[in-house]
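Heads up: the structure comes next, in structure tokens.
The values are calculated or read from the model by the stated rules, or taken from the named source; none is laboratory data. Keep in mind that this is a model prediction, so the values were computed, not measured. Note that we place each Cβ from the backbone using ideal geometry, even for glycine, and neighbour counts take in every protein chain shown. Accessible surface areas use protein heavy atoms only, side chains included; no ligands, DNA or RNA. Shrake-Rupley method; radii C 1.70, N 1.55, O 1.52, S 1.80 Å.
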Amino acid sequence: MTRVLVVDDEPGVRAALERGLAAEGMTVVACADGRSGLEAALTGAFDAIVLDIILPGLSGYRVLEHLRAAGVHTPVLLLSAKDGEIDQADGLDLGADGYLVKPFSFVVLVAQLRAMLRRRDAPGAAPRVRVGALELDPGSGAVAWGGAPVELSPREFAVLHALVTLPGPVVGKDALREQVWGDGDAVSLNVVEVYVGYVRRKLAAAGAGDLVHTERGRGYRIGAP
């Protein structure tokens, strides 16, 4: 049975999620503050975590940061009262697997949880990918340009990997969003643009500033202009 940790300081939200997820056949443990939520999450005993960002004691961002630093890779779905795209990007870049804005649809929350679990259970890593001087290793998440390492977050790596492996000369934003986030409604297309911008800046710093190009109205292309 799927075990879900819910960390939210609103009693109504906790109660609703406990009832609803139990009805979906999941076992739920609920915490009301960041520190107790972190303590529970660090056990690694859960299949997924639903984590509010604004919490007493320790914010959801810090809980997530501590989890990933400790090597706990349990899928995390962030909940927030903020719908800003930068807030979404920040949370996802810290290692979250999904992001929902309050008030949210319970049906969408369950769909995101199931999508996160499917990605977790997907088959092992793909082989290394080489495009000119660019090399990506999905097994380790390492990227190199001309043999020199390029430091990307896991989400940035997923964006770059999708750009170089999805079929066709141009990768559309919708296709990129579906490949990286796994749910067409998980993030806005502007968040996709934010992440492509992150990747571009890091590649440019490594000397690969001309690698990712925008095809206006179509998406992104890898290669010479």
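For the chain, the C-alpha radius of gyration sits at 1.06 times the compact-globule guess of 2.2 N^0.38 Å, with N the residue count.
Write down Rg/Rh for the stretch 1-96, rounded to two decimals, with Rg from the C-alpha atoms and Rh from the Kirkwood relation over Cα pairs. Here Rg/Rh amounts to 0.94. Here is the list for the stretch 123-164: GluC sites (Glu not before Pro) lying in DSSP coil, each with at most 14 other C-beta atoms within 10 angstrom of its C-beta, are Glu151.
Could you give the accessible area per residue of the chain, probe 1.4 Å, as a whole number in Å²?
Numbers: 10530 Å² over 225 residues.
The answer is 47 Å² per residue.
When the Gaussian network model of the chain links Cα atoms closer than 10 Å, the mean-square fluctuations of Val129, Val196, Val63 top out at Val129. Structure remark: mean-square fluctuation, Gaussian network model of the chain, C-alpha springs under 10 Å; the largest value among Ala162, Ala41, Ala204 belongs to Ala204. Within the chain, DSSP assigns beta bridges of which about 45% are antiparallel (rounded to the nearest 5). Projecting the Cα atoms of Gly141, Ala70, Ala16 onto the charge dipole of the chain, computed from C-beta unit charges around the Cα centre, puts Gly141 farthest toward the positive end. Note on the stretch 14-114: with neighbouring protein chains present and a 1.4 Å probe, carbon and sulfur make up 55 percent of its accessible heavy-atom surface.
If ligands, DNA and RNA are left out, what is the accessible area of Thr165 with a 1.4 Å probe, given in Å² to the nearest 10? The accessible area of Thr165 comes to roughly 60 Å².
Using C-alpha pairs below 8 Å separated by at least 6 residues, the relative contact order for the chain is 13 percent.
Would you kindly work out the equivalent ellipsoid of the stretch 1-49 from its C-alpha gyration tensor and give its semi-axes, the square roots of five times the eigenvalues, largest first in whole Å? Don't skip to the end; give the middle numbers.
Details: eigenvalues 55, 44, 5 Å².
The answer is 17, 15, 5 Å, longest axis first.
The distance from the alpha carbon centre of the stretch 51-120 to that of the stretch 160-203 is 19 Å, rounded to a whole number.
Simple point charges give the picture: +1 on the Cβ of Lys and Arg, -1 on the Cβ of Asp and Glu, and for the stretch 1-101 a dipole about the Cα centre of about 320 debye.
When Rg and the Kirkwood Rh are both derived from Cα coordinates, the Rg/Rh ratio for the stretch 156-211 amounts to 0.97.
Placing one equal scatterer on every Cα of the stretch 97-220 and applying the Debye formula, the log10 ratio I(q)/I(0) at q = 0.23 Å⁻¹ is -1.45. Using only side-chain charges placed at the Cβ, +1 for Lys and Arg and -1 for Asp and Glu, the dipole size of the stretch 143-205 relative to its Cα centre rounds to 260 debye.
For the stretch 109-215, a simple Cβ point-charge model (Lys and Arg +1, Asp and Glu -1, everything else neutral) yields a dipole of about 200 debye relative to the Cα centre. For Val50, neighbours were defined as the other residues whose beta-carbon sits under 10 Å from its Cβ, and their charges (Lys and Arg +1, Asp and Glu -1) total -1.
Overall, the accessible surface of the stretch 159-225 at a probe of 1.4 angstrom is composed of carbon and sulfur to the extent of 48 percent.
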